[in-house]
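The values are calculated or read from the model by the stated rules, or taken from the named source; none is laboratory data. The model shown is predicted, which means the values in this text are computed figures rather than measured ones. Glycine gets a Cβ as well: all are built from the backbone with ideal geometry, and neighbour counts include every protein chain shown. Calculation scope for accessible area: heavy atoms of the full protein, side chains included, ligands and nucleic acids excluded. Shrake-Rupley method; radii C 1.70, N 1.55, O 1.52, S 1.80 Å.
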Amino acid sequence: MKKLKVNTDGCIGCGACFSMDPEHFTCNEEGFSIVKSEENIDLASIRNVIAACPVDVISYEEECTCDDCHCNEESSCGCNETSCTCNDNEKAA
Ligand code: SF4
């Protein structure tokens, strides 16, 4: 399951993300970033936005491709497949 997240509590409101990618990010009433949309995400573009965040509070969980994935059933995947990226994504989030 893919999920775009911003830890708004850690955002300093620099505006980089919603300037670079206004389709997917906007700011709340306090001027801090929030996710606007998760539709039509281009991986290369979203990686550029993540890299541009000075406080590293944006994350994008990439789709797990393991054969026995439980991403959609559990918050933590326990499949033990070597190709599983679910838990890596949780660490990176
Ligand atoms: S780039 Fe990072 S710090 Fe700047 S507004 Fe976006 S989430 Fe906040």
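Listing for the model above:
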read-out: Residue in region 17-32 that is farthest from the ligand (Cβ to nearest atom), counting only those that are under 17 Å from Glu61 (Cβ atoms) and not in a loop (DSSP other than H, G, I, E, B); value: Phe25
read-out: Residue ID - farthest from the chain's Cα centre (by Cα), chosen from residues in region 18-67 that are surrounded by 15 or more Cβ atoms within 10 Å (Cβ to Cβ) and of a type in the set (Gly, Ala, Ser); value: Ser33
read-out: Residue match in region 1-16 (condition: out of contact with any His (no Cβ under 8 Å at 6 or more places or on another chain), open to solvent by 50 Å² or more (accessible area, probe 1.4 Å), on the phi < 0 side of the Ramachandran plot and in a helix (DSSP H, G or I)); value: yes
read-out: Residue within region 60-72 that is part of a loop (DSSP other than H, G, I, E, B) and modelled with pLDDT of 90 or more present; value: no
